[in-house]
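The numbers here are math on the coordinates, done by the rules we state, and not lab data. What you see is a predicted model; the values in this text were computed from it and never measured. Because the Cβ atoms are built from the backbone with ideal geometry, glycine has one as well, and the counts that use them run over all protein chains shown.
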């Protein structure tokens with residue numbers, strides 16, 4: 001099974017040679033060549049999701065937007081029709097009231113944040129994935145959001161134990177409080193060997209690691225690899241983050 005966490009970068013036309021229109025062909029080519037069973041996108045917008053739906057014919061795409069009117073930026077899942085089946089979907093807000101559309105913590109930026117939680121079946125294996133993009137300004141808000149997701153994971157596993165993954169853009173480095181809370185749950189980062197993910201289209205001298213694929217210790221003990229997609233051609237990258245691809249042998 002192969003899954004990818006991929007911050008696709010929401011800007012359409014403000015990144016010069018790395019505008020989405022210039023990156024789009026490389027993104028399609030990479031996904032088509034690698035054939036992941038599921039790709040979990042952050043910073044998805046109506047424009048780039050419409051493009052992917054038009055050209056990724058092997059995939060079905062679920063897009064959950066985060067505003068109170070179900071508009072704006074959001075999270076998306078692209079799952080490969082030939083290998084993967086969507087069994088359940090639960091999108092909720094990272095706030096004191098997770099089922100109130102557009103709700104948020106007082107401490108965070110003005111932008112609401114959501115979690116896209118899905119149950120998938122791939123090669124007869126059933127598992128859950130929680131896709132997140134945490135607040136970009138306030139660490140306290142990121143920690144509170146992590147608590148909401150971890151509580152949901154706990155409740156889901158009490159009702160129906162299942163392998164699970166928590167992935168996405170945490171906007172938090174490995175020694176930060178939100179990541180330490182994940183590890184204390186306890187969760188294991190399958191991409192621990194990936195040293196950095198956010199590079200701002202190659203402009204950062206010392207890139208940061210802020211993208212993760214967490215799972216339980218039991219699942220992490222299975223043979224697996226984690227590989228960043230570092231593709232670059234003539235200064236054009238797939239995104240300002242390196243997508244992280246995890247391949248797991250059940």
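See the values below:
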quantity	calculated
Max mean-square fluctuation residue, GNM over the chain, Cα-Cα springs under 10 Å, options 205, 218, 195	205
The stretch 152-212 shape via C-alpha gyration tensor axes, a/c threshold 1.5	prolate
Cα gyration tensor shape for the chain, rounded if a/c is under 1.5, else prolate or oblate	rounded
Most mobile of 50, 220, 145 in a GNM of the chain (Cα contacts under 10 Å)	50
Values of log10 I(q)/I(0), in the order q = 0.11, 0.18, 0.19 Å⁻¹, for the stretch 15-121 under a Debye, Cα-only, solvent-free model	-0.39, -0.93, -1.00
Residues residue 224 and residue 29, FRET efficiency given R0 of 22 Å [Cβ-Cβ distance, rounded to 0.05]	0.35
Ellipsoid equivalent to the stretch 101-250 - semi-axes via the Cα gyration tensor, in Å	24, 22, 14
Highest-fluctuation residue, 163, 207, 110 considered, GNM on the chain with Cα pairs under 10 Å	110
Sum of -39500 (n - 2.57) over DSSP H runs of 4+, divided by residues of the chain (222 nm, nearest 500)	-7000 deg cm²/dmol
Packing-based exposure ordering (other Cβ within 10 Å, fewest first) of 216, 68	68, 216
Normalised contact order of the chain, rounded percent, pairs of Cα under 8 Å and 6 or more residues apart	20 percent
